[in-house]
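First the structure, in the form of structure tokens, and then the observations on it.
The values are calculated or read from the model by the stated rules, or taken from the named source; none is laboratory data. The structure displayed is predicted, hence computed values, not measured ones. Positions of Cβ are generated from backbone atoms using ideal geometry, with glycine treated the same way; all protein chains shown enter the neighbour counts. Surface accessibility is based on the protein's heavy atoms, side chains included, excluding ligands, DNA and RNA. Shrake-Rupley method; radii C 1.70, N 1.55, O 1.52, S 1.80 Å.
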Amino acid sequence: MRARRLLAAVGLLLLLLAVAAVAAARLDLDDDGDDSEVLDELLAVDEEEETRGALEGGEAAAAGGAAEAVRRAQSMVLVLDNDNARRAVEEHAELLLLGYAPWCERSAQLMPRFAEAAAALRAMGSAVAFAKLDGERYPKAASAVGVKGFPTVLLFVNGTEHQFTGLHTKDAIVTWVRKKTGAPVIRLQSRDSAAEFLKKELTFVVGLFKDFEGAEYEEFLKAATAGNEVQFVETNDRNVASILFPGIASEEQFLGLVKSEPEKFEKFYGAFEEKTILQFVELNKFPLITVFTDLNSGKVYGSPIKLQVFTFAEAYDFEDLESMIQEVARGFKTKIMFIYVDTAEENLAKPFLTLYGLEPEKPTVTAFDTSKGSKYLMEADINAKNLQDFCIRLLDGTLPPYFRSEPVPQEKGLIEKVVGRTLDSSVLESPHNVFLEVYAPWCVDCEAISKNIEKLAKHFNDLGTANLKFARLDASVNEHPKLQISNYPTLLLYTAEDKSNPIKLSKKLNLKDMAKLIKEKLQTPDAEKVAAADNVKDEL
């Protein structure tokens, strides 16, 4: 396994060498190849391990070339360890650090993007130094510089630590670093520079200010400097601004958001205040439909748009639905966030679908209100009319929340099986007193206690206690708004007179005491006989 991992690292390095060469040509880098060497070094595994892994796989020649590239870059990139980590932070005015672990999958996903960001910053003339730290190999160093998990991206500015929490993409890292190191806004002064900028940036804010001064311009700068990963651009030339955001009329002052998706241009109409500008960016920066990934999951969960509609489908099914969902989404911009989850990505889809007790058998639409923790399910066919109705009701609060439930059971035994859909009729609206056992299959104590409850139910039944029935509910697959339970098993006694205030019985009671308690609470005749029965003396 170790050899295979090292071979994969060598292959990735060789691929990135080629990518870096292309990137260098596109960015008009100097002939000395500094930026590609930075990228090589940031992604390199230890030279000794790299060479050994390649030799084991019969790739000695390739490993030699890769190792040589690594050696050439050694003097440019800091490889931190227990001895030099703290000193590196103190000696560099600006240091961008990647803390990783060789076994961490997310570290492996971030490494190439981090390297691309470092190469891009070098090409822009940034003075930021770059470093990497194997936090597993050097735990003392990791602790000294504040690496507490993997992967971690830290920027140290004059010794002050800033942790990157944005999207794990090259552009997001580059923008964030520039903002933290005193270059929050890119100024464009020619049509050619604007056209060139458009080739590189996917999402950005453009501001048009005649003289780059005044209170409103200062608020724009404050918003640009704030901790987010959206690049801000400014110009005082309407012709330049029109390259970036077509359709600007005679405004002397303008602000807009540009994205690379069908709903590409969003014009700002609010007051030029930092808070209002940032709110505009946060509400509009996502596309009409966000494709859910590991990289953007944190931003989706933390979105200021609290109503979120999810479509779960395999890619080929989603292709048939995408344009229809986009059209519906257009009518709910900034109010509802629309998200697509590919059910083929089990690690992404399964946690959501489990909340609903659903299997990914066909395209499914659900919704969340993250402010309330409520979830919803669209049970109608997925079409424009039904989806729009679902969203309208979600928005106005008339959509009933969804609670998981097993199918309604057909048979009733000594202990009635209750599911989410029958809790009202079987328990809350029943004219009987009801003893309800709420359990979960994975609960260690539940099986033993269930057997004792069966004994209790049998004896009350033998005594002909007609006004008391026993019921059982599996909380792992059934939910109800009036049954909020986190401890299993939970034993509840619902009296016929007051179903809204069930009596909670301790699972530590033995059967004799439990029978006595039932008699006291329900005034059940002959409960003493139950308490005296031999097989009701077992301890719970």
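How many percent of DSSP beta bridges within region 238-381 run antiparallel, rounded to 5?
60 percent
Among rounded, prolate and oblate, which fits region 136-194 when a ≥ b ≥ c are the square roots of the eigenvalues of its C-alpha gyration tensor, a/c under 1.5 means rounded, and a/b larger than b/c means prolate?
prolate
Determine the sum of side-chain charges near ARG87: Lys and Arg each +1, Asp and Glu each -1, restricted to other residues whose C-beta is under 14 angstrom from that of ARG87.
-2
Round to a whole number: what % of the accessible area of region 249-375 belongs to carbon and sulfur, probe 1.4 Å?
Its accessible area is 50 percent carbon and sulfur atoms.
Using a 1.4 Å probe on the protein chains only, how many percent of the accessible area of region 463-528 belongs to carbon and sulfur? List each step's numbers first, then the result.
Details: 1620 of 3510 Å².
Heavy-atom surface of region 463-528 belonging to carbon and sulfur, 1.4 Å probe: 46 percent.
Would you mind calculating the relative contact order of region 295-373 from Cα pairs under 8 angstrom and at least 6 residues apart, reporting the percent as a whole number?
47 percent
Going from most exposed to least, what order do SER107, SER323 have by accessible area with a 1.4 Å probe?
Largest to smallest exposure gives the sequence SER323, SER107.
Pick out, in residue order, every one of the trypsin sites (Lys or Arg not before Pro) in region 328-395 that is DSSP loop and has at most 11 other C-beta atoms within 10 Å; say none if there are none.
On the way: sites: ARG330, LYS333, LYS335, LYS372, LYS375, LYS385, ARG393; in loops: LYS333, LYS335, LYS372.
Passing sites in region 328-395 are LYS372.
Looking at ASN467, GLY373, GLN326, which one has the Cα that reaches farthest to the positive end of the dipole of region 312-469 (charges on Cβ: Lys, Arg +1; Asp, Glu -1)?
Checked the options; the winner is ASN467.
Any idea of the accessible area per residue across region 363-460, 1.4 Å probe, to the nearest Å²?
53 Å²
Could you list, in their original order, any pairs among LYS222/LYS275; LYS170/LYS210; LYS375/LYS504; LYS132/LYS170 whose Cα atoms are separated by more than 21 Å?
In this structure, LYS170/LYS210; LYS375/LYS504 exceed 21 Å between Cα atoms.
Within region 75-141, report the chymotrypsin sites (Phe, Trp or Tyr not before Pro) that DSSP leaves as loop and that have at most 13 other Cβ atoms within 10 Å.
TRP103
Indicate, rounded to the nearest 5 percent, the antiparallel portion of the DSSP beta bridges found entirely in region 151-302.
60 percent
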